[in-house]
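> Below is one structure. I have some questions about it.
The values are calculated or read from the model by the stated rules, or taken from the named source; none is laboratory data. Since the structure is predicted, the reported quantities are computational estimates derived from the model, not experimental observations. Cβ sites come from the backbone with ideal geometry, for glycine too, and all protein chains shown count toward neighbours. These accessible areas exclude ligands, DNA and RNA; they are computed on the full protein's heavy atoms, side chains included. Shrake-Rupley method; radii C 1.70, N 1.55, O 1.52, S 1.80 Å.
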Amino acid sequence: MYQQEMVTKMTDIMASFVGHIGKKLPDDVIAKLDELAKKETSPLAKTLYETMTRNQNLAVALDRPSCQDTGVLQFWVKCGTGFPLIDEVEALLKEAVVKATFETPLRHNSVETFDEVNTKRNVGKGTPTVFWDIVPHSDQCEIYAYMAGGGCTLPGKAMVLMPGAGYEGVTQFVLDQMTSYGLNACPPLLVGVGVATSVETAALLSKKALMRPLGSHNPNARAAEMERLLEDGINAIGLGPQGMGGSASVMGVHIENTARHPSAIGVAVNVGCWSHRRGHIVFDRDLNVTCDTHSTFRR
Amino acid sequence: MVEIRDGKKVLITPVSAEDLEDINIGDIIYLDGDLMTCRDVAHRRLVEGGRELPYDIRDKAIFHAGPIVRPIEGQEDAYEMVSVGPTTSMRMEKFEYEFTKLTGVRVIVGKGGMKENTERACREFGAIHCVFPAGCAVVAATEVERIAEHHWDELGMPETLWCCKVKEFGPLIVSIDAKGRNMFEENKVRFNERKDAAVEEICKHVSFIK
Ligand code: SF4
């Protein structure tokens with residue numbers, strides 16, 4: 001295949017993948033929502049879950065985005081240095097977003113800052129967001145695509161705690177965000193927590209935490225224990241679907257961490273809403289595709 | 001008007017203050033009739049700019065929402081609702097007392113809670129705030145029978161006033177009733193108490209710095 005043909009092919013695949021994640025939730029999210037719905041007893045919570053399920057079915061039947069806020073597109077790219085299109089990936093993702101904007105269609109969600117004009121194409125300076133991880137000795141390209149809706153982006157917060165605040169301070173920080181902003185971010189939420197040194201390292205981790213499969217745990221035993229404690233604690237608040245009360249609050253809590261400066265604990269929280277539209281796709285060097293988040297994705 | 005249809009409580013526009021008397025926070029209701037999308041800039045234009053709305057919403061309903069619409073092929077100036085879901089109502093809180101007073105709107109539909117200004121408007125003028133389940137934009141779109149009119153198009157697709165005719169639009173969960181009771185504020189007190197208890201419990205197990 002010529003380079004140009006390959007670029008076109010990968011652009012088309014990414015455009016249809018973006019469209020697909022806007023219409024169909026990932027398998028793990030659907031399963032988790034079903035599980036949480038079954039636990040509800042109040043008529044209000046039940047009606048809400050029923051409406052949510054009906055919405056997802058209608059979205060597929062009518063081939064429309066399931067939530068009107070199709071977000072700002074964010075891609076976390078883990079690209080092998082030997083991937084043949086490594087130089088083209090960032091530009092083609094932008095092109096794929098424009099294409100998906102018209103084909104899907106997606107809402108126009110990219111406003112140039114300071115000029116304060118909507119580009120009406122969902123791309124702008126620095127959008128879509130592309131986070132890069134370069135993987136040596138690999139010729140494949142792994143991409144997480146995420147639709148960052150306005151409502152679920154709002155609770156995001158990062159700060160640096162003094163070590164004296166400890167993990168107790170981290171706990172307080174995360175839980176405070178749940179009752180102040182989290183309840184309006186369309187629970188049940190997926191909560192991503194980053195623990196590192198500074199605001200940007202913690203913040204990036206808190207977003208990456210949202211890409212992990214539901215039910216996965218941090219490999220560090222204490223971090224995994226804290227994930228469970230936070231999950232149980234936030235569930236005990238009983239935010240329920242849509243924050244209107246119910247038996248649970250979250251689909252999960254994921255912590256990602258790095259080492260830190262001895263004098264600082266950087267902590268950040270990011271949330272995904274019930275309509276957690278993230279997809280994971282892997283291209284090999286010949287652009288053969290595998291997708292482990294959406295059994296429904298066909299290209 | 002209020003009608004009970006297959007066990008569902010349906011409000012039909014025009015809605016009167018009396019129609020809202022027996023409706024309480026936490027109730028699930030539905031709406032038939034006129035519902036206009038109306039959000040940030042339209043509120044600002046009316047309340048701060050003193051510009052009259054180009055569509056009369058007295059005794060009708062508004063929806064804090066920014067929809068995706070598309071032109072209906074082969075028809076002139078006709079649009080179809082593709083996807084319409086609520087946006088955060090709190091952004092309109094600052095304007096909602098004046099807005100309700102000036103327009104006579106009865107039913108405000110959005111997402112999440114609102115506060116004192118809206119509570120006061122609901123109590124004084126006989127109105128309610130309801131929540132449409134957020135993220136359920138396709139359900140909402142299919143409950144829009146047609147878009148009858150549209151105004152202020154220059155604001156772009158999300159901010160345009162899309163004047164819809166709706167049928168059994170819902171479920172709408174009443175979050176502020178005409179007595180001014182506020183479900184989100186009442187819940188918040190409970191949520192915060194439970195949060196404090198949860199923090200205390202978790203902190204017993206996370207003293208990793210020793
Ligand atoms: S928080 Fe999520 S489900 Fe709710 S409106 Fe925003 S994108 Fe949609």
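> Using amide H atoms built in the peptide plane, which far-off residues or other-chain residues are under 5 Å from residue A:190 H to H?
A:251, A:272, A:273
> Turning to a different aspect of this structure: If you build a Gaussian network model of chain A, linking Cα atoms that sit under 10 Å apart, which residue out of A:53, A:41, A:179 swings the most?
Maximum among the listed residues: A:41.
> Applying the Karplus parametrisation 6.51 cos²θ - 1.76 cosθ + 1.60 with θ = phi - 60° to the phi angles of the range B:149-162, what ³J(HN,Hα) value in whole Hz is obtained for each residue in order, glycine and proline being reported as x?
Working through the residues one at a time gives 8, 8, 9, 6, 4, 5, 7, x, 3, x, 9, 4, 7, 9 Hz.
> Which listed residue (B:68, B:50, B:81) has the Cα farthest towards the positive end of the charge dipole for the range B:41-82, taking +1 on Lys and Arg C-beta and -1 on Asp and Glu C-beta about the Cα centre?
B:50
> Still on this structure, please answer the following. Would you list the membrane-span-like helices of chain A, meaning whole DSSP H runs whose alpha-carbon atoms span at least 18 Å along their axis and whose mean Kyte-Doolittle value is at least -1.0?
Flagged H segments are A:3-23, A:27-39, A:43-62, A:89-103, A:166-180, A:221-237.
> Okay, moving on. Compute the distance in nm between two label points, each set 7 Å from the Cα along the Cα-to-Cβ direction, one at residue A:261 and one at residue B:207.
Distance between label points: 2.8 nm.
> Could you state the number of Å between the C-alpha centres of the range A:110-149 and the range A:6-39?
Answer, in whole Å: 17.
> Here's a follow-up. Calculate the tail of P(r) for chain B: the fraction of all Cα-Cα distances greater than 30 Å, expressed in %.
25 percent
> Is it possible to state the helix-based mean residue ellipticity at 222 nm for the protein assembly as shown, with each DSSP H run of 4+ residues giving -39500 (n - 2.57), the sum divided by total residues, to the nearest 500 deg cm²/dmol? What is it?
-11000 deg cm²/dmol
> Pull out a ≥ b ≥ c, the square roots of the eigenvalues of the alpha-carbon gyration tensor of the range A:159-229, then state rounded if a/c is under 1.5, prolate if not and a/b is larger than b/c, and oblate in the remaining case.
Note, shape of the range A:159-229 comes out rounded.
> Sticking with this one: What residues have an amide H closer than 5 Å to that of residue A:266, excluding those fewer than 5 places away on the same chain, when H is modeled at 1.01 Å from N in the peptide plane?
When sequence neighbours closer than 5 places are left aside, the close amide H contacts are A:161, A:196, A:197, A:198.
> Averaged over every viewing direction, what's the projected area of the C-alpha convex hull for the range B:145-210? Give it in nm², one decimal, please.
Dividing the Cα hull surface by four gives the mean projection, 9.8 nm².
> If a/c stays under 1.5 just call it rounded; otherwise compare a/b with b/c (prolate if a/b is bigger, oblate if not). Do that for the range A:179-299, with a ≥ b ≥ c from the square roots of the Cα gyration tensor eigenvalues. All intermediate terms of the calculation are to be shown ahead of the outcome.
Details: a/c = 2.05, a/b = 1.16, b/c = 1.77.
It comes out oblate by the Cα gyration axes.
> Give the distance, in whole Å, between the Cα centre of the range B:156-185 and the Cα centre of the range A:178-250.
Here the answer is 29 Å between Cα centres.
> Next question. With label points built 7 Å along Cα→Cβ from the Cα atoms of residue B:149 and residue B:199, find their separation and express it in nm.
Taking the simple label geometry, residue B:149 and residue B:199 are separated by 5.1 nm.
> I would also like to ask the following. Bin all alpha-carbon pair distances of the protein assembly as shown at 20 Å intervals from 0 and give each bin's fraction as a whole percent.
In whole percents, the pair-distance histogram is 23, 54, 22, 1.
> Let me ask something else about it. Taking one equal scatterer on every alpha-carbon of the range A:104-216, how large is log10 of I(q)/I(0) by Debye at q = 0.15, 0.24 1/Å?
Relative scattering, expressed as log10 I(q)/I(0), comes to -0.89, -1.41.
> Net charge near residue A:9: determine it from the other residues with C-beta under 13 Å of the C-beta of residue A:9, scoring Lys and Arg +1 and Asp and Glu -1.
Working: positive: A:99, A:285, A:299; negative: A:5, A:12, A:88, A:95, A:284, A:286.
Here the count lands on -3.
> Additional query: So what does residue A:247 come to for accessible area, using a 1.4 Å probe and Å² rounded to 10?
Near enough 60 Å² of accessible area.
> Which of the three applies to the range A:57-122, rounded, prolate or oblate, going by the alpha-carbon gyration tensor with a ≥ b ≥ c and a/c under 1.5 meaning rounded?
oblate
> Tell me, what ³J(HN,Hα) does each residue in the range B:4-9 have, in order and in whole Hz, if you take phi through Karplus 6.51 cos²θ - 1.76 cosθ + 1.60 with θ = phi - 60° and put x for Gly and Pro?
9, 10, 6, x, 9, 8
> Loop-only check: which chymotrypsin sites (Phe, Trp or Tyr not before Pro) in the range A:2-74 are DSSP coil with at most 15 other Cβ within 10 angstrom?
Listed in order of number, the matching sites are A:2.
> May I ask you to evaluate 6.51 cos²θ - 1.76 cosθ + 1.60, the Karplus curve with θ = phi - 60°, for each residue of the range A:147-155 and list the ³J(HN,Hα) values in order in whole Hz, giving x for glycine and proline?
Listing the rounded values in order: 9, 8, x, x, x, 8, 7, 4, x Hz.
> Please identify the helices of chain B, taking whole runs of DSSP H, that span at least 27 Å along their own axis as judged from the Cα atoms and have a mean Kyte-Doolittle score of 0.0 or higher.
Correct list, ordered by number: empty.
> What distance in nm separates the simple spin-label points at residue B:1 and residue A:54, each placed 7 Å from Cα in the Cβ direction?
My value for the distance between the label points is 2.2 nm.
> How large are Rg and Dmax for chain A when calculated on the C-alpha trace, in angstrom?
19.3, 59
> If r is the Cβ-Cβ distance from residue A:39 to residue A:220 and R0 is 22 Å, what FRET efficiency results, to the nearest 0.05? Walk me through the intermediate numbers first.
Details: r = 29 Å, r/R0 = 1.32.
So, using R0 = 22 Å, E works out to roughly 0.15.
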